[in-house]
Each structure stands twice: as C-alpha cells, then as structure tokens.
C-alpha cells in the first residue's frame, strides 16, 4: 500500500437545463497531491449532446471545457485562478455551480499512477 497515493476525482457533466438536473458525463478531473498531478480528460460528442438537448450551444460548451482544461493545467494562460496551487485549482473547478458545465461530488481513491487512474476513470465513467 506504500506505493499507492491518495487521489481525488470528480466527473465533469453537461447539464443543458439546470432546472431538470439531467446530465451527460463528458470528462473526469483528477488530483493526486503526492504526485503533483492535476489533469482532466474530456470529449465532446456533439451528436450525442444534441440528441440530449437540441438547443445546446456546442461551441460555447467547448470554450467552457477548454477553460476548465487551462485552469487544470495552470499558469498565466488560465488567469488568476491558474496561478493557484494544484489543490486550490482543483477545489475551484469542483466547486458547486449552477451552470451548464458542472462536476460531481469529489470522490477519493488510491493510485500508483495518476495518468493511468485518470484514463481508467474516463473509460469507466465517460465512454
């Protein structure tokens, strides 16, 4: 168990009509502080999303997801939030919000490798 590190993850969801609370999973974000790992993986299946909500603005959705990606990556390109440490960026990204792009509650786990765990969770929860 010594090789395993605590990680936290949340599922990224598209909620076209917030009042209905219906959503589709489009990605996963994972933080492993010990490995200094914060990354997200997502995909936009336009056909599936438009079948779910014909009025969804796919371009705006992709812009929002790219913003999430920039913040997860960090740095000046992500604005003031991108300058925060990885854990603070993760908390900001996973904060409760009432917008089209939301995250699930944060869940814990243990991993050997953050990248492998992110790929596994993406395959299980999004694909």
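Please pull out the direction-averaged projected area of the chain, using the convex hull of its alpha-carbon atoms, in nm² to one decimal place. If you can, show how the numbers build up before the last one.
Working: hull surface 30.7 nm².
Result: a mean projected hull area of 7.7 nm².
Quick check: Cα centre of region 82-106 to Cα centre of region 11-35, how many Å?
Taking the Cα centre of region 11-35 as reference, the centre of region 82-106 is 10 Å away.
How would you rank 94, 73, going from fewest to most other Cβ atoms within 10 Å of each one's own Cβ?
The most exposed by this proxy come first: 73, 94.
Calculated FRET efficiency, residue 67 and residue 115, Cβ-Cβ r, R0 25 Å, to nearest 0.05?
The pair residue 67/residue 115 has a calculated efficiency of 0.70.
Note down the relative contact order for region 10-127 as a percent, whole number, built from C-alpha pairs under 8 angstrom at least six residues apart.
34
Ranked highest first by average number of other Cβ atoms within 10 Å, how do 108-115, 28-35, 16-23 line up? Before the final figure, lay out the partial values.
Values: 108-115: 14.8, 28-35: 21.5, 16-23: 12.5.
Result, highest mean Cβ count within 10 Å first: 28-35, 108-115, 16-23.
Can you compute the modelled spin-label distance between residue 125 and residue 59, with each label point 7 Å from Cα toward Cβ, in nm?
Result for the modelled spin labels: 3.1 nm.
Read-outs: derived from the displayed coordinates by stated rules, not from any lab. Quick caveat: nothing in here was measured; it's all calculated off a predicted structure. Glycine also receives a Cβ, built like all others from the backbone with ideal geometry; neighbour counts cover every protein chain displayed.
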